[in-house]
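The values are calculated or read from the model by the stated rules, or taken from the named source; none is laboratory data. Keep in mind the model is a prediction, meaning the values are calculated, not measured. SASA here: full protein model, heavy atoms, side chains in, ligands and nucleic acids out. Shrake-Rupley method; radii C 1.70, N 1.55, O 1.52, S 1.80 Å.
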Amino acid sequence: MNKNIIPYGRQSIDNRDIKNVVNVLKSDFLTSGPIVEKFEKEIRKYCNSKFAVSANSATSALHIACLALGLSKGDILWTTPITFVASANCALYCNAKVDFVDIDSKTFNLSVSNLEKKLISAKKKGKLPKILIPTHLGGQSCEMDKIKDLSKKYHFNIIEDASHALGGRYKKRKVGNCKYSDITVFSFHPIKSITTAEGGMALTNNKKLADKMKIYREHGIVRGHKNLKGKIKGPWVYQQQVLGYNYRLSDVHAALGIGQLKRLNKFLIKRNQISLLYKEKLKELPIRFQENQANIYSAKHLFIILVNKKTHLELFKYLRAKKILVNIHYIPIFLHPYFKSQNFKKENFKNSMNYYSSAISLPIHYVLTRKQQLYVISTIKNFYKSIRI
């Protein structure tokens, strides 16, 4: 990448990461093998969950999580509009329907109050969700204790989309411990907390769910005589018992992840330092930040600002012209052409629409230098000077 360009996110790869990958390339296993198992164990231990099932992406992990929970035709999955499309697509992969819960205007996460209102209405109509997927936007956990309480009352399962939140904490517990959910999913895309190049992980404390996800991940194939059906003719026998997929992570990818995990705390400290400097230097400008909630430690995957709608596009273009590759996370899912046929009404998601019309994601990542960050800050200040606020 051009050294003068400042991306909003970027991976950090060191010589130890490279060595780990090279060692696997020289070994007997390239596909899913002992290094994958080791990586799963390390993530499970880090998050303090009982089981971890790796996958070749967080999208795949979301899909097998839905399958393990029995999502199918006639069921409904709810999620937030302000998330990546995978959080909704996993429902469609299962032939289920998808609906959305508006966000909180301060935290940008799924609004618990809006969720409760929607649940009350859905119960009257007989259209309660089978699964809810709250997304921890930017690395900050949703209010999971309140969501868990509602799940008990209205009988839905919870999959935490924690793609942004590895290393984050909620009420002093690591995100991924699954105290408040059935399954938690992480992403290891290059710009996330740690990377495996491409990859994901589903964590759970339920052995049956873990076993089901493993089967769906591996073509629906079952091995081991105690798990097979009917008469077994030989020791070589395996059976495809359900329609599954090839969603396995490779040892090559897992080797990268193991080394990255050892540096996760350094990554998190740097991201939080960047966040604090932005807030300090930009606090006098007409900018709003994602509100930090008590008892939450954010993984700071994103640094999102909200600006005046009238200057939103202008500021975005101005920063891009200065080679600062800001982005927007996210376009509300229901605005995408694929979802428009379902006739979602914008007025039902006012907070999401207001957010979308004013949100910009600034650069935040481990290899961002202080000099680069100060350049981003001064460029934003220069923009506001030029429009004479």
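Given an 8 Å cut-off on Cα distances and at least 6 residues of separation, report the relative contact order of the chain as a percent.
On the way: 779 pairs, mean separation 90.5, N = 389.
Averaging sequence separation for qualifying contacts and normalising by length gives 23 percent for the chain.
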Measuring from the longest principal axis of the C-alpha atoms of the chain, the long axis of helix 144-154 (C-alpha) lies at a number of degrees, nearest 10, equal to 50
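Run the numbers on the stretch 4-88 and let me know its relative contact order in percent, using alpha-carbon pairs under 8 Å that are six or more apart.
15
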Rg and Dmax of the chain, using alpha carbons, in Å: what are they? 21.7, 82
State the percentage of accessible surface on the stretch 1-92 attributable to carbon and sulfur atoms; use a 1.4 Å probe and exclude ligands, DNA and RNA. 51
Using a Gaussian network for the chain with springs between C-alpha atoms less than 10 Å apart, which of these wobbles most: SER105, SER27, SER151? SER27
In whole Hz, the Karplus estimates of ³J(HN,Hα) for the stretch 132-142 (6.51, -1.76, 1.60; θ = phi - 60°; x where Gly or Pro) are 10, 10, x, 9, 7, 5, x, x, 9, 5, 5
From phi via Karplus (6.51, -1.76, 1.60), per-residue ³J(HN,Hα) for the stretch 70-85 in Hz, x at Gly/Pro: x, 5, 7, 4, x, 8, 10, 10, 10, 8, 8, x, 9, 7, 6, 4
Calculate how steeply helix 207-217 sits against the longest principal axis of the alpha-carbon atoms of the chain, using the helix alpha-carbon long axis, and give the answer as 0 to 90 degrees to the nearest 10. 90
Using modelled amide H (1.01 Å from N, peptide plane; none on Pro or chain starts), what sits under 5 Å from the amide H of ILE76, excluding residues fewer than 5 places away? LYS97, LYS130, ILE131
Percent of accessible area on the stretch 96-144 owned by carbon and sulfur, 1.4 Å probe? 46
Interchain or sequence-distant (5+) residues whose placed amide H lies within less than 5 Å of the amide H of SER27 are none
Determine the distance separating the Cα centre of the stretch 231-271 from the Cα centre of the stretch 65-128; give it in Å without decimals. 27
The chain: antiparallel bridges as % of DSSP beta bridges, rounded to 5, reads 60
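Got a number for carbon plus sulfur as a percent of the stretch 193-344's accessible area, 1.4 Å probe? Write out the running numbers ahead of the final one.
Numbers: 4310 of 8180 Å².
Roughly 53 percent, rounded to a whole number.
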Among LYS38, LYS148, LYS226, residue whose mean-square fluctuation peaks in a GNM of the chain (springs only between Cα atoms under 10 Å): LYS226
Whole-Hz ³J(HN,Hα) for each residue in the stretch 51-61, computed from phi via Karplus 6.51 cos²θ - 1.76 cosθ + 1.60 with θ = phi - 60°, x for glycine and proline: what do you get? 9, 9, 10, 6, 8, 7, 6, 5, 4, 5, 5
Just the number please: accessible area per residue for the chain, 1.4 Å probe, all protein chains included, in Å². 48
Considering the chain as a Gaussian network with a 10 Å cut-off on Cα pairs, which listed residue, PHE186, PHE100, PHE29, attains the greatest mean-square fluctuation? PHE29
On a 0 to 90 degree scale, rounded to 10, what angle separates helix 34-47 from the longest Cα axis of the chain? 60
